[in-house]
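Peer 1: First the structure, then my questions, so here it is.
The values are calculated or read from the model by the stated rules, or taken from the named source; none is laboratory data. No experiment lies behind these values; they were computed from the predicted model shown. Backbone-built Cβ (ideal geometry, glycine too); neighbour counts: all protein chains shown. The area values use the complete protein model at the heavy-atom level, side chains included, leaving out ligands, DNA and RNA. Shrake-Rupley method; radii C 1.70, N 1.55, O 1.52, S 1.80 Å.
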Amino acid sequence: MGGTDGHRGKLLQRLKARRAALARATLDGAQATVGTPVEWPSPPREEQDAGPADAAPADPDTGMRRIVIRETEDGLALHRPASRSFPMILFLLVWLSFWAMGEAFALREIVRTPLVVVAFLFVWLTLWTLGGLVVAGIVLWQLFGNERLFIVRGAVTREINIGPLRFRRDWLPGEAGDFAIVNSGTPGKDAIAFRTGGATRRFGTGIHRTGLEQALAAIARHMPPAARGAAAPRQ
């Protein structure tokens, strides 16, 4: 077991530098290429000005449901900033202000009330606190969150970032595959799914369908044929 873990660690370390270079290239071009696939190397300036003849027209309904596709000599990176709904963010911030007042009131009453009432208030405060943390997480995700998928020589990394917080999972070549677009049945909730062992992971929930198809085509170019999965939607 120790030898297997050591080999895995060494392989992940070798891939780390390539993934870091790919991440920097992606973020450097993110602001300029949001919503469109990125060619690597970049086409000549006259071709950039003219634009590809078969490019899909801009879809006004995509809104903030966007994706950056970056292909370099290091591999593939998909970068999706969190979708932002400013009316929802404003509503949740107002809700959190009332949540904070309720939190302060319950803490004050716990100190003043008899033990029997304290037990009830403690249960209520626990649930109330958890609810507030969930809402705060939603606000932080919409303001500062992003999701990334890296493919480097068949190795797959999925990252979820909220500001400085980073949650990352790595799968070595052969550990992730069967990429496909899944139909959720709810408008705007389609995603790219892939399998890792016995689990199914998702990436890009809420991205416009055109963006998902472009991302899936890019994944197919960077994964071994046996791991690509089906381009057709999975029900």
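Peer 1: Modelling each spin label as a point 7 Å along the Cα-to-Cβ direction, I'd like the residue 84/residue 169 distance in nm, to one decimal.
Peer 2: Those two pseudo-labels are separated by 2.8 nm.
Peer 1: Assuming 0.36 nm per residue, please report the length gained on full extension of the stretch residue 162 to residue 134 beyond their Cα-Cα distance. Don't skip to the end; give the middle numbers.
Peer 2: Details: separation 28, 0.36 × 28 = 10.08 nm, distance 1.36 nm.
Value of the extension gain: 8.7 nm.
Peer 1: Around residue 145, under 10 Å between beta carbons, what's the net of Lys plus Arg minus Asp minus Glu among the other residues?
Peer 2: On the way: positive: 80, 84; negative: 147.
Within the 10 Å Cβ shell, the charges total +1.
Peer 1: Rounded to the nearest 10 Å², what accessible area does residue 88 have for a 1.4 Å probe in the complete protein model?
Peer 2: Approximately 90 Å² of residue 88 is accessible to the 1.4 Å probe.
Peer 1: Moving on. What is the stretch 150-212's relative contact order, in percent, from Cα pairs under 8 angstrom and six or more apart in sequence? Numbers along the way, then the final one.
Peer 2: Details: 102 pairs, mean separation 13.6, N = 63.
Answer for the stretch 150-212 is 22 percent.
Peer 1: Give the ranking of 73, 213, 103 by solvent-accessible surface, highest area first, calculated with a 1.4 Å probe. It would help to have the intermediate numbers written out before the result.
Peer 2: On the way: 73 135, 213 95, 103 30 Å².
Putting 73, 213, 103 in descending order of accessible area: 73, 213, 103.
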